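The structure appears below as structure tokens.
The values are calculated or read from the model by the stated rules, or taken from the named source; none is laboratory data. Given the structure is predicted, the values throughout are model-derived calculations rather than measurements. No Cβ is skipped: glycine too gets one built from the backbone with ideal geometry, and neighbour counts run over all protein chains shown. Accessible surface is based on the protein model in full, side chains and every heavy atom, while ligands, DNA and RNA are left aside. Shrake-Rupley method; radii C 1.70, N 1.55, O 1.52, S 1.80 Å.
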Amino acid sequence: MKTELTINGTQHKLELDPRTTLLDALRHHLGLTGSKKGCDHGQCGACTVMVNGRRINSCLTLACMHDGDEITTIEGIGQPDNLSPLQQAFISQDGFQCGYCTPGQICSATAMLEEIAEGWPSHATEDINDRPSLTVDEIAERMSGNLCRCAAYPNIVEAIRKTAEESA
Amino acid sequence: MTEVFKMDAPATDRRLDDMVQGLVGAPLDRPEGPLKVTGQATYANEWQVENMAHGVMVRAPGPSGRVVLSNRDDVAAMPGVLAVIQDERLLRNPAQGKANEAPVQGPHHAAYMGQLIAVVVAETFEQARHAAQSVKVTLENAEVVAVTSDTAAVEPQESKTLDQGDLETAMREAAHTVDATYTTPSHSSTPMEPHASIATWEGEDLILRGSYQMLKYNRNELADSLGIHPDRVRMLAPYVGGGFGSKLGIAPEAVAAAIAAREVGRPVSVALHRQQVYEATMRRSDTRQRIRLAADAEGRLIGLGHDALVSNLPGETFAEPVLQASHFLYAGANRKMSMDLARVHRLCCGSVRAPGEAVGVTVFESAMDELAQQIGMDPVELRRRNIPDKDPESGKPFSSRRFEDALDSGAKIFGWADRPGVKERREGEWLIGYGMASAARVNVLMESQARVTLTPQGTARVETDMTDIGTGTYAILGQIAGDMLGLPRDAVEVVLGDTSLPPAAGSGGSWGASSSGTSVYLACQAIRQQLAERLEVSENDLTLKDGRATFDNQTRGLADILQNDEIVKLGHVEAGETSEAVRQATFGAYFAEVAVHAATGETRVRRMHGTFAAGRILNAKTARSQCLGGMTFGIGMALTEELAFDPRDGHVANHNLAEYHIPVNADVPQLTVELLEERDDWANPMQAKGIGELGICGAGAAILNAIYNATGVRVRDYPATLDKVIAGM
Ligand code: FES
Ligand code: FES
């Protein structure tokens, strides 16, 4: 079926099998392999992208459901010669090893910082009436949908914390 | 012809210490980082290959019987389907690490539930997935087979038996004894990138883009599986999304992709689904381990015993080597060890991060904690008292061993002196406890080759089929070459993961960095030698820095020295007599603070520290990350990780990431790591040892020992899930 996706600001007209997930549309049909497939089941976060600014698992949604949506993938966040501050922080804090979970971590963290800025509480928030602050616990809790078997977690938390601190 | 360097004598010259570029050891960023953080690094299933078809594999629904695809023709007629393949050459299970030949093959008889017995190829992934799921598989003449160690035939492993002195008498006469049996469940490596391969035939030549750890072996395993000459096979794996042992040997999807691509006459990609990774790659064996400790009144061990039961599929020789560190970690004159292997019809057992020590040291360190408790002695002091002068069985000296320093320094950094007594500290609903454990892992040097090219432009290129599975190979090989040749890090290009390059040791057994690093070191040393000859100076008098050579009070640029020539040298290392002459291992100590909920038994790791000694550290940043990763595996082993098998058919009941619980971010505190300064002259010319697995070898015990300290509950059946903790409270 015909689907129009806006990805990183560019419109793509696609003719897709209706069973095609958003993740497979990116990886198999658009050559955007930055979004990773770790489970295809919404269990690992490797496929995280942003749809209209909110992070989602792109393996858990069909491409045809996103006609007209604004999708941002890791490729839209930065390029090797033009890294986002968060991408740069992941490098300097060694927030990855094999790198397979990394695009998902970065997409997730990018959206997560917005959620905090908007005042969304989490399980780790002391008082949900207060604005959440960027404690280690808050970051770890909010990033727990993104698995990393290399276990760069402490470094991921540091990368996010430093980036947020520097932009504050 | 390049000479092979054999590590026959200690490398006391410590040449790297003379280099002035300042790269080796420095905490430099990974050079491939910009590609990884932007999604531009190409993993196996991401190559854009023209006209590619998709294959999805089909599983056996039981552990025994002749496999029949009863609706094969119907599936073949489904939309987009190109082939339904059940070729004789499909693998029963992956090859073991370094097998160098095909594993057991044949899809017509099921040996375990989940075995991959066919591949369905279609135009699109959606079509292939649907068709593969539509295949009806029946198992004819299935027999009742053993799927648990309790009911299986058991084979004693005679070669693993040790009987030194008289342990039974020592146990009778000792002032203090521990005789405890522990169990650890099966673990899964669970790399975040599932196994995937893209096969492309060019005439008789196969290119396989895969996710593998040890390409020189994998190429031979793949060729042997297909029945073709290895020269016809080229494998590419420049980026590997984690391995942890599960990608050591060629796996079913690679052979399936190659066969399928041949059959349909176009490139085929086969990616395992996450469930298939759990069901049909490798598991760490479940273990039952009896530990006996006999100590005198002062806490000196006079005897120790370690008897283990592990399991594997019929026909597999791998037996989880849990006794490995028990042979040398602690003193004690009377020693007894044995191992039995149960033959079970479950997925294959192979290497999962630190095979042997990961569960062997962990269990032993739990027993040591029991002994310390019984004597009423500081667990750190108990370890310190039992550090042997020399290998307690062979009598060989140790190479470098900063074990005691690691215990002391780790204790200090963590604040061990402040540890509470058992069940003594409570904060609201949380019971607080401290625990510690030793770390130990054998160190190995493996044959490895690399080619280094120095150009007149003042750049260098390092080429080897070595892999970087997150281990930091791209970083450290560039640092070694940069230091040896006096070039800034950015002037060195590192090319990896291609079997057309000189064959390396591969990433496994913690030997990758030291073995492949040594081959780069040797190639660079040969280049230095040639530069020195051109300049008519002794190599020792040559100082290389920032692309310039200084000697005899003069300085010349590389362009000037080389004119228009490149210098190309191959480095080739093999293990030699130092492997046998001394006991080589890495050591460390873990310290953990846990909070156990008084009402639910839930355990949270609040703090965890590791101090490690592993010879020269090549990159302080990537080495630390390896330790973080290992310690986190330890947290998983201690608290959550367990492959659950259905006792009726051996089915992996939790074959997904929602139910096989690897630690998530919130499960892991801000771990701290200290790397001790050390040089091991016996290990290799760089004095470096392996660090990739040391972080897991005992880590889980620190947590279980802390749970005991918090609650008085001794869990001997890993992992310490809340049901087990609460049952004892
Ligand atoms: S691939 Fe989407 S959550 Fe794992
Ligand atoms: S970096 Fe390897 S899984 Fe996160």
Next item on the list: Can you check what the net charge comes to around B:LEU496, using other residues whose Cβ is under 9 Å from the Cβ of B:LEU496 (Lys, Arg +1; Asp, Glu -1)?
Entry: -4
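Looking at chain B, what % of its DSSP beta bridges pair antiparallel, to the nearest 5?
75 percent
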Item checked: chain B pair-distance distribution - Cα-Cα, 10 Å bins, rounded % -> 3, 15, 23, 24, 19, 11, 4, 1, 0
Next item on the list: With a ≥ b ≥ c taken as the square roots of the eigenvalues of the C-alpha gyration tensor of segment A:85-167, please select rounded if a/c is under 1.5 and otherwise prolate if a/b is larger than b/c or oblate if it is not?
Entry: prolate
Notebook entry, point to check: Taking every DSSP beta bridge that has both residues in the protein assembly as shown, what percent is antiparallel when rounded to the nearest 5?
Noted result: 75 percent
Margin query: Give the average over all directions of the projected area of the C-alpha convex hull of chain A, one decimal, in nm².
Written below: 9.7 nm²
Next item on the list: Could you list the GluC sites (Glu not before Pro) in segment B:20-124 that lie in coil according to DSSP, counting only those with at most 10 other Cβ atoms within 10 Å of their Cβ?
Entry: B:GLU50, B:GLU88
Item checked: Cα-based convex hull volume of segment A:2-77 per residue, rounded to whole Å³ -> 75 Å³
Next item on the list: Order these peptides, B:599-606, B:495-502, B:225-232, A:99-106, by their mean beta-carbon neighbour count within 10 angstrom, highest first.
Entry: A:99-106, B:495-502, B:599-606, B:225-232
Next item on the list: Leaving ligands, DNA and RNA out of it, work out the accessible area of B:PHE244 with a 1.4 Å probe and give it in Å² to the nearest 10.
Entry: 30 Å²
Margin query: Quick one: the Cα spread of the protein assembly as shown along its three principal axes, in angstroms, biggest first?
Written below: 80, 76, 64
Note to self: Suppose each label sits 7 Å from its Cα in the direction of the beta carbon; what would the B:GLU3-B:HIS108 distance come out to in nanometres?
What the structure shows: 5.5 nm
Check: If eta is 1.306 mPa s and T is 10 °C, what Stokes-Einstein diffusion coefficient results for segment B:368-478, Kirkwood Rh from Cα pairs, in µm²/s?
Finding: 84 µm²/s
Margin query: With unit charges on the beta carbons (Lys and Arg positive, Asp and Glu negative) and the dipole taken about the Cα centre of segment A:2-77, which residue among A:LEU23, A:ALA46, A:THR3 sits farthest to the positive side?
Written below: A:ALA46
Margin query: Excluding ligands, DNA and RNA, what is the accessible area buried between chains A and B, summed over both sides, using a 1.4 Å probe, to the nearest 100 Å²?
Written below: 4600 Å²
Checklist line | Helix-derived mean residue ellipticity, 222 nm - over chain B, DSSP H n ≥ 4, -39500 (n - 2.57), to 500 | finding: -7500 deg cm²/dmol
Checklist line | Net charge over other residues, Cβ less than 12 angstrom from the Cβ of B:ASP87 (K, R count +1; D, E count -1) | finding: 0
Note to self: Using Cα-Cα distances under 8 Å and only pairs 6 or more residues apart, what relative contact order does chain A have, in percent?
What the structure shows: 23 percent
Check: Can you give the average number of partner chain beta-carbon atoms within 10 Å of each beta-carbon in peptide B:192-198, as a whole number?
Finding: 5
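Any idea what the dipole of chain B comes to, in debye rounded to 20, about its Cα centre with Lys/Arg Cβ at +1 and Asp/Glu Cβ at -1?
So the magnitude is around 940 debye.
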Next item on the list: From other protein chains only, count the Cβ atoms within 10 Å of every residue's Cβ in B:663-675, then give the mean.
Entry: 6
Notebook entry, point to check: Could you state the number of Å between the C-alpha centres of segment B:25-50 and segment B:88-135?
Noted result: 29 Å
Item checked: Size of charge dipole - the protein assembly as shown - debye, nearest 20, with Cβ of Lys, Arg +1 and Asp, Glu -1, no other charges -> 620 debye
Next item on the list: Take peptide B:116-125, look around each residue's Cβ out to 10 angstrom, count Cβ atoms belonging to other protein chains, and average those counts.
Entry: 2
